[in-house]
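For reference, the structure discussed in these notes is given below.
The values are calculated or read from the model by the stated rules, or taken from the named source; none is laboratory data. These numbers were taken from a predicted model, which means no experiment stands behind them. Note: ideal-geometry Cβ built from the backbone for every residue, glycine included; neighbour counts use all protein chains shown.
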Number of protein chains: 2
Amino acid sequence: MIKIAIVGFGTVGQGFAELLERKREEIERTIGKFRVVAIADSKSSISGDFSIGDAIKMKRERRRLRDDGRAEEIIEELDFDVLVEATYTKLDGGDGLDYIRKALKKGSHVITSNKGPLVADFRGLMSLAERNGVKLMYEATVGGAMPVIKLARRYLAFCEIEGVRGILNGTCNYILSRMEEERLPYEQILNEAQELGIAEADPTYDVEGIDAAAKLVIIANTIGVDAKFEDVERIGIEKITPEAFSVAREKGYTIRLIAEVSKRALRVSPRLVPLSHPLAIKGTMNAAMFKTDTAGNIFVAGRGAGKEETASAMLSDLYDIYAGN
Amino acid sequence: MIKIAIVGFGTVGQGFAELLERKREEIERTIGKFRVVAIADSKSSISGDFSIGDAIKMKRERRRLRDDGRAEEIIEELDFDVLVEATYTKLDGGDGLDYIRKALKKGSHVITSNKGPLVADFRGLMSLAERNGVKLMYEATVGGAMPVIKLARRYLAFCEIEGVRGILNGTCNYILSRMEEERLPYEQILNEAQELGIAEADPTYDVEGIDAAAKLVIIANTIGVDAKFEDVERIGIEKITPEAFSVAREKGYTIRLIAEVSKRALRVSPRLVPLSHPLAIKGTMNAAMFKTDTAGNIFVAGRGAGKEETASAMLSDLYDIYAGN
């Protein structure tokens, strides 16, 4: 019986729990029986005798769970095999960093959707996992269900990855694609995106390239580049004008916010992309182009966000931990 | 010590052997020491005391190896852990089918770049591998280094794959991209492609969609659709005119040879693709779009052929067999 504990029970945590239940038969056929033994958020928790359905209903109706202990107590004291860490991203690591460290030290595997802890201490967490003989999985931190991390770590394991260029923020890509099509000012498209729920009320985190830079740091470290958030050269999309798209178009280009890591570069900035290039992708998609020594250029794209997509990436981590071979 | 035997020592077999040698240090650090214990082609073989370098030199200078036994004798009698099967594709399975069956029955893993055996008997080979507790790996049969098979089998393991649409033949895609750009007749572009070595002297296998259909059968079976080669509805690219591209373009489309599998379709045919769609990709690239229930649409692209790319896909199979978890 695989025992799973979940910390963070917002959209991502609930999405993961729902998917576990919906796919239970298939999951158990592949990796064996599992049980969610505890769920905690910042204000409440549930452990002992409960079902996933109970917990989700409780959270939605009463906006909280029971009071079965604080998250850190549950992590320290309860017996479980995998911690699913789905708390909100804080770039200094936040509580998530503490939760992940505690779980790894106990000898539990960790699956996280939270960029913060990895941005704050990638190397430290990886060596902690290794020393304790457990896995730290983080596919969901970059590009939703787009398979970036497993591509780099597993599929291209014997390749030298010379560089990665990617579109790592769906909100920015939506705004830029719309500006390309409509030739309307940035502010107007941003407002539209906010109305559609594609951009946040405070869009800073997305439009200044902070989110993309955090993901770039995770990709960089994954391919062996020891990068910190402060090392990323970063320019956002706020100053791009409709005229810039017109000029670019005349030459056969469009403009995209490109995150790039290579031996020479570590930056997030608006770049000209040929209209026929795969990175000229439109809408809220995320994409990444890996330049390798022996596998040529490998390109992947997918929806960069979404409750089910993120949960699906976390399930693929669970698969890899238990059915990897 | 992992003992590897190679049958088929043309471009692919030699490319794999070269890459093994070139990446030896990294491979051995990850999966442990290995040795190539035998290499056989249709006319000659080498086993016992030899180096990879010796064998490649011998084959290039004398166009043959030694006479250390026929391929089937080596497979039946020699002690090895992995058979690398890189003989030439014959859609009825050919000798490759026999080699793979013999190796699986002995309890050896198999890595193949040969579509024929899988097209001829996918289910039979997979259950033979399972019964003998070994792996049959075939990433290199579809799309060169583009990670299609591992994406379907591992990464999307807990997803329902509702359908796959792909560009699975680089020669056709090169011809169609050039027709799109130059508006020249099919025959003229085909001649050009033949001069560049992108199309064969007899282009039938590519331009009639036979190669793409074989790969589609492998993808279909991988996602659980029990398809045979004869089941594929197949139309080639020979009748496409430059005018068709002009008409398509006016409506914002181009034309690509699309291989598609879903509950309703199993076909290879020229299709209209929106110019901004990822499958409008140009040149000798291969690409595939997976439609899934919970991970959304996942798109991958890469060079569909090439000695190093194919060898690189086979190395990723070796990684998965021995370092999978």
Selection over the stretch A:213-254 where residues are touching a helix residue (DSSP H, G or I) at 6+ places or on another chain (Cβ under 7 Å) and part of a helix (DSSP H, G or I) yields a count of 11
Count of the stretch A:207-232 residues which are acidic (Asp, Glu) and closer than 20 Å to A:Tyr138 by Cα: 2
Considering B:Phe9, B:Phe16, which residue is surrounded by 16 or more Cβ atoms within 10 Å (Cβ to Cβ) and within 14 Å of another protein chain (Cβ to nearest Cβ)? B:Phe16
Within the group B:Lys102, B:Lys90, which residue is surrounded by fewer than 22 Cβ atoms within 10 Å (Cβ to Cβ) and assigned to a loop (DSSP other than H, G, I, E, B)? B:Lys90
Under the condition of being assigned to a loop (DSSP other than H, G, I, E, B) and over 17 Å from the mean Cα position of the chain (by Cα), which residue from the stretch A:105-120 is surrounded by the fewest Cβ atoms within 10 Å (Cβ to Cβ)? A:Gly107
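Can you find a residue that is farther than 14 Å from B:Leu318 by Cα, surrounded by 14 or more Cβ atoms within 10 Å (Cβ to Cβ) and not aromatic (Phe, Trp, Tyr) anywhere in the stretch B:29-38?
So the first thing to find is which residues in the stretch B:29-38 are farther than 14 Å from B:Leu318 by Cα, and the list is B:37-38.
Right, trim to surrounded by 14 or more Cβ atoms within 10 Å (Cβ to Cβ) and you get B:37-38.
Add one more test, that the residue is not aromatic (Phe, Trp, Tyr), and what stays is B:37-38.
Yes, there is a match, as at least one residue in the stretch B:29-38 is farther than 14 Å from B:Leu318 by Cα, surrounded by 14 or more Cβ atoms within 10 Å (Cβ to Cβ) and not aromatic (Phe, Trp, Tyr).
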Given the conditions (1) more than 10 Å from chain A (Cβ to nearest Cβ); (2) in contact (Cβ under 8 Å) with a residue 60 or more places away in the chain; (3) of a type in the set (Lys, Arg); (4) surrounded by fewer than 22 Cβ atoms within 10 Å (Cβ to Cβ), which single one is not true for B:Lys282? (1)
Test B:Glu21 against the stated conditions and say whether it is in a helix (DSSP H, G or I), over 20 Å from the mean Cα position of the chain (by Cα) and closer than 24 Å to B:Asp121 by Cα. no
Taking the criterion of being at pLDDT 95 or above, part of a strand (DSSP E or B), within 10 Å of chain B (Cβ to nearest Cβ) and under 22 Å from the mean Cα position of the chain (by Cα), would at least one residue in the stretch A:306-324 satisfy it? no
May I ask you to say which residue of A:Arg131, A:Arg154, A:Arg123 is surrounded by fewer than 23 Cβ atoms within 10 Å (Cβ to Cβ) and within 11 Å of chain B (Cβ to nearest Cβ)? A:Arg154
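Just the residues that are surrounded by 20 or more Cβ atoms within 10 Å (Cβ to Cβ) and over 20 Å from the mean Cα position of the chain (by Cα), please, taken from the stretch A:285-297.
Within the stretch A:285-297, A:Thr292, A:Thr294, A:Ala295, A:Gly296 meet the criteria.
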Just to check your reading of the model, which residue among A:Ala259, A:Ala301, A:Ala244 is at the interface with chain B (Cβ under 8 Å from one of its Cβ atoms), in contact with a strand residue (DSSP E or B) (Cβ under 7 Å, 6 or more places away or on another chain) and at pLDDT 95 or above? A:Ala301
Please determine, by comparing only the residues of the stretch B:43-87 that are part of a helix (DSSP H, G or I) and in contact (Cβ under 8 Å) with a residue 60 or more places away in the chain, which one is surrounded by the most Cβ atoms within 10 Å (Cβ to Cβ). B:Ala71
Which residues, taken from the stretch A:122-172, are in contact with a helix residue (DSSP H, G or I) (Cβ under 8 Å, 6 or more places away or on another chain) and at positive phi? A:Gly143, A:Gly144
When every residue in the stretch B:262-279 that is more than 14 Å from chain A (Cβ to nearest Cβ) and not in a strand (DSSP E or B) is compared, the one modelled with the highest pLDDT is B:Ala265
Looking across the stretch B:285-298 at residues that are part of a loop (DSSP other than H, G, I, E, B) and either in contact (Cβ under 8 Å) with a residue 12 or more places away in the chain or among the hydrophobic types (A, V, I, L, M, F, W, C) (or both), the single one that is farthest from the other protein chains (Cβ to nearest Cβ) is B:Asp293
In this structure, does B:Ala86 turn out to be in contact with a Ser or Thr (Cβ under 9 Å, 6 or more places away or on another chain) and under 19 Å from B:Glu18 (Cα atoms)? yes
Which residues, taken from the stretch B:167-211, are of a type in the set (A, V, I, L, M), part of a helix (DSSP H, G or I) and in contact with an Asp or Glu (Cβ under 8 Å, 6 or more places away or on another chain)? B:Ile189, B:Val207
Out of the residues in the stretch A:256-269 meeting the condition of being in contact (Cβ under 8 Å) with a residue 60 or more places away in the chain and more than 18 Å from the chain's Cα centre (by Cα), tell me which one is nearest to B:His277 (Cα to Cα). A:Arg256
